[in-house]
1. Could you give every pair whose Cβ atoms fall below 7 Å, whose first residue belongs to region A:110-130 and is within 23 Å of A:GLY144 (Cα to Cα), and whose second residue is surrounded by fewer than 16 Cβ atoms within 10 Å (Cβ to Cβ) and among the β-branched types (Val, Ile, Thr), counting only separations of at least 6 or pairs across chains?
2. Quick one: which residue in A:PRO154, A:PRO103 is over 21 Å from A:LYS176 (Cα atoms), surrounded by 19 or more Cβ atoms within 10 Å (Cβ to Cβ), touching a Leu at 6+ places or on another chain (Cβ under 9 Å) and away from chain B (no Cβ under 14 Å)?
3. Search region B:237-255 for residues that are on the phi > 0 side of the Ramachandran plot and pair each with any residue that is surrounded by fewer than 22 Cβ atoms within 10 Å (Cβ to Cβ) and not charged (D, E, K, R) when their beta-carbon atoms are under 6 Å apart and the residues are at least 6 apart or on different chains.
4. Are any of the residues in region B:280-298 surrounded by fewer than 19 Cβ atoms within 10 Å (Cβ to Cβ), more than 9 Å from every other protein chain (Cβ to nearest Cβ) and within 26 Å of A:LEU196 (Cβ to Cβ)?
5. Could you tell me which residue of region A:328-363 is nearest to the chain's Cα centre (by Cα), considering only residues that are under 20 Å from A:ARG295 (Cα atoms) and polar (S, T, N, Q)?
6. Could you list all residues from region A:27-60 that are within 14 Å of chain B (Cβ to nearest Cβ) and farther than 19 Å from A:TYR252 by Cβ?
7. If a residue counts only when it is more than 14 Å from every other protein chain (Cβ to nearest Cβ), which strands (runs of 3 or more DSSP E) contained entirely in region B:50-149 have at least 3 such residues?
Amino acid sequence: MSDPILQIDNVVKHFPITKGIVFQRQVAAVQAVDDVSFTVERGETLGIVGESGCGKSTLARCIMRLVEPTSGRIIFDGQDITALSRSQMRSVRREMMMVFQDPYASLNGRKRVGFIVSEPLEVHGIGTPAEQKRRVQELLEVVGLNPEHYNRFPHEFSGGQRQRIGIARALAVNPKLIVCDEPVSALDVSVQAQILNLLKDLQSEFGLTYIFIAHDLNVVRHISDRVGVMYLGKLVDLAGSAELYKHPRHPYTGALLSAIPIANPRVGRERTSTVLEGDVPNPINPPSGCRFHPRCPRAQSDICDAVEPALQERGGGHTTACFFPLERWPLTHEEMATVDRAAAEGVRREVAQAIEAALAPAL
Amino acid sequence: MSTTVEPSTSTGSSTEDAPLLDVRDLRTYFKTEDGIVRAVDGVSFSVKAGQTLGVVGESGCGKSVTMLSVLSLNTKAGRLALGPEANAGAEMEHYLLASKKHTSLSTGSAHFRGEDLLTASSDRLRAIRGGEIAMIFQDPMTSLNPVHTIGAQLIEAAMLHQDITKGAARQIAIESLDDVGIPRAKQRIDDFPHQFSGGMRQRVMIAMALINEPELLIADEPTTALDVTTQSQILGLIRRLQEERGTAVVMITHDLGVVAEVADEVVVMYAARVVERASVFEVFEQPRHPYTWGLLGSLPRPDAVADRLTQIQGQPPSLLNPPPGCRFAPRCTFSFGRCLEDVPELEGSGAGSHLDACFLTDAQKVEEAQRFVTAAATDESA
């Protein structure tokens with residue numbers, strides 16, 4: 001069933017930090033997204049989770065080419081869009097739209113809803129004004145708003161209704177792919193459920209593909225077919241959502257899962273949660289080797305801090321970037337921290353050989 | 001439209017003495033250009049010493065204003081003593097509309113160790129706030145003063161309430177930073193708030209709140225601005241400190257998961273009123289109010305059986321002009337004629353301490369809750 005609508009190859013985005021006013025020189029870079037690759041199948045929902053600052057929004061903006069990736073390729077519907085000019089991009093943007101996090105900031109408060117929703121039609125020169133108006137009213141109905149609210153301003157709507165307006169705008173030009181950047185995190189739980197249901201209904205009605213970015217693991221689990229976990233600019237774990245939540249393989253995924261509060265007082269209080277120590281490191285100067293190693297209970301010296309683990313297939317469509325993936329789940333804190341000695345030696349030897357091989361031509 | 005509320009009695013086997021904080025029929029109204037906003041409208045609850053009360057509800061349901069009113073932290077607030085039989089709502093509106101001085105008004109009572117905070121003098125209130133009752137706020141970025149070192153702010157808090165020298169206060173400040181898990185507290189005490197991360201700032205806030213060893217800690221969405229891993233650190237910290245010191249905690253949150261993990265008792269608020277009040281197990285296992293069912297149903301769960309979430313239709317009502325009768329009735333799938341006219345009282349169904357404000361029969365409530373609980377049980381089995 002491989003029919004990718006979007007393919008991301010080794011996308012890197014570094015934001016330079018410069019010094020000097022006349023003679024600017026780059027002194028460092030925020031490594032927001034670093035060497036991320038994945039594909040998105042037509043009609044599926046790919047969820048991306050991670051904590052704030054892990055690069056998930058920057059990745060979304062790279063996919064839309066709202067920020068220019070530093071390197072890497074983005075192939076949308078068989079076409080490499082990384083090198084397209086602005087005018088060439090315009091026709092591609094008809095096929096991919098975005099829904100933003102903040103329904104208060106992402107709608108122009110001085111424009112009427114009709115204008116906001118019809119703007120994509122205008123930009124792409126679709127239809128006469130009368131047709132556009134009909135289309136907008138149809139869209140408002142599709143997202144569960146009253147078509148008569150055409151002439152209202154955004155401030156007359158609640159947060160959930162505004163997010164519906166944002167979704168109507170994204171749907172206006174019949175896109176194939178919608179990138180949702182935290183679409184429900186500003187909403188209350190009952191309204192959040194309404195929007196999640198709406199997104200699911202629209203997907204089955206219009207055959208949409210979603211990239212769904214959120215920090216709430218339960219929300220992502222609910223809506224996604226596959227889920228990728230990002231940490232500090234890297235994609236560390238990627239699997240089908242049932243697989244990822246039942247058998248997390250990366251220690252970070254495990255720690256994230258055990259940090260979600262469970263809305264069941266008996267289950268929640270009995271489990272032993274793995275509390276991660278400390279904060280996410282600075283992306284200007286990320287740790288060497290595996291970026292998670294300073295906080296990882298399984299980190300082994302000379303391996304995890306020396307070499308970066310590659311994303312590897314672990315069976316069941318599960319790819320994980322870790323030398324010592326979790327064997328099963330849930331694990332106690334002690335089990336999390338123990339690594340099979342023999343396996344560690346094996347990996348250590350491999351790592352040493354790999355380093356030697358890499359150095360050999362230089363010698 | 002007056003709601004008489006069952007006096008809160010600590011029932012059960014334990015012959016507990018009076019609760020630490022006992023709030024009865026609290027009302028807070030605000031005067032705005034558009035009319036009177038009934039932000040808190042007849043709220044009663046109590047907190048026992050050493051326990052955690054979770055107050056849960058969506059934005060705008062009045063959960064924060066309730067706690068601000070208890071501490072008289074509303075600005076330009078008047079306080080009005082009313083007779084027990086008075087039609088409190090109408091009288092308050094009348095007073096507010098006539099008053100030139102006040103833009104908000106609180107009535108009811110909030111007894112803290114037998115002393116009514118709503119009639120206490122401002123000197124007495126100043127001694128209580130930050131001393132016997134401490135509060136932490138949602139946003140650790142804005143609740144610390146950016147132009148003073150955290151040390152200066154902690155020392156100020158200690159010296160306001162304890163008769164000690166600056167040196168001793170500094171020592172206490174360092175100890176309390178140590179307690180909340182800030183590494184190298186001795187050096188970091190002279191840092192400014194911007195030098196700390198979000199999670200660390202919330203730790204500083206907790207250190208400041210606990211520096212005078214309060215008996216009651218009010219935490220208003222303490223982890224909402226934080227990432228999940230940091231959230232679990234902070235919740236663990238609050239729980240540990242509570243166990244060590246026996247502090248009672250009121251945890252205001254919109255996150256049912258947080259409530260399930262930390263609370264002993266739960267108050268569910270909707271549109272300025274309490275709709276359900278019970279122990280945490282009762283609320284999650286035998287919820288009795290349709291709004292609570294809706295809240296629990298709209299939560300995406302780790303192992304959802306249902307493909308669709310049960311959503312609550314519509315929006316919460318405006319508190320300028322709330323619907324008559326049960327405020328949830330317009331959105332409730334179970335509502336019938338009476339719900340739109342009469343106000344349901346918060347009452348128990350027999351001996352238990354499980355209270356709810358709903359006209360459905362006990363049998364209906366039990367049946368619905370049962371349906372819900374079996375669904376949830378299959379959810380969590382994985």
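The values are calculated or read from the model by the stated rules, or taken from the named source; none is laboratory data. Quantities reported herein were computed from a predicted structural model and do not represent experimental measurements. Backbone-built Cβ (ideal geometry, glycine too); neighbour counts: all protein chains shown.
1. From region A:110-130, no pairs qualify.
2. Answer to the selection: A:PRO154.
3. So the pair list comes out as B:GLY246/B:GLY50.
4. The answer is no, given that none of the residues of region B:280-298 is surrounded by fewer than 19 Cβ atoms within 10 Å (Cβ to Cβ), more than 9 Å from every other protein chain (Cβ to nearest Cβ) and within 26 Å of A:LEU196 (Cβ to Cβ).
5. The qualifying residue nearest to the chain's Cα centre (by Cα) is A:THR332.
6. Within region A:27-60, A:THR45 is the sole residue that qualifies.
7. Qualifying strands (runs of 3 or more DSSP E): B:77-79, B:104-112, B:133-136.
Here is a yes/no grid of residues against (1) touching a residue at least 40 places away in the same chain (Cβ under 8 Å); (2) β-branched (Val, Ile, Thr):
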residue	(1), (2)
B:ALA110	yes, no
B:GLU115	no, no
B:MET135	yes, no
B:ILE150	yes, yes
B:GLN162	yes, no
B:ALA169	no, no
